[in-house]
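I have placed the structure first, in the form of structure tokens, so that the comments after it can refer back to it.
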């Protein structure tokens, strides 16, 4: 089944369902328009009873005043991590261990992604190179590269020149 046939069938189903929805939808409720007296017209008791414009204005003013005087929502501050010689000594071995545990193919795969980001375009050649390397990477490495590539494409930082998946 070709993609074009699937898209055409899906569009036909959606149009048919939409037509049925419109055909079976309940009738719209009648529109009731309020009679607002003009500024120069004499006001009668019945028109004042139906809509008291001065009362509406007073309520709106009160609501606006209350909204402008309301305190802003509290801001939650997260304390910054203190950086000192002790914390640097603790992080350095962890960073070295993380880079030491990277697979050898990760550097090449990262180079493919970074070169595509530098060019701001992603081609079929980039995809095939990355696909060949992805099977040799660890799951965390694949996730990191995929996240970097997908986020850049979603933000519009990467022009995708191919159809189908990015990798």
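Can we say residue 153 is part of a helix (DSSP H, G or I) and more than 15 Å from residue 110 (Cβ to Cβ)?
Yes; evaluated as a whole, the condition is true for this residue.
Would you be able to say whether some residue in segment 152-159 is out of contact with any strand residue (DSSP E or B) (no Cβ under 9 Å at 6 or more places or on another chain), under 24 Å from residue 101 (Cβ atoms) and without any contact (Cβ under 8 Å) to a residue 60 or more places away in the chain?
No, that holds for no residue.
Within segment 135-150, restricting attention to residues that are in contact (Cβ under 8 Å) with a residue 24 or more places away in the chain and part of a helix (DSSP H, G or I), which residue is nearest to residue 106 (Cα to Cα)?
By that ranking, first place goes to 141.
I'd like to verify a number: residues in segment 132-167 that are closer than 27 Å to residue 4 by Cα and surrounded by 14 or more Cβ atoms within 10 Å (Cβ to Cβ), how many?
Residues that pass the stated criteria total 6.
Bear in mind that the values in this text are calculations on the coordinates, not laboratory data. Computed from a prediction, not measured in an experiment: that's the story for all the values here. Don't worry about glycine lacking a Cβ; one is built from the backbone with ideal geometry, like all the others, and counts go over all protein chains shown.
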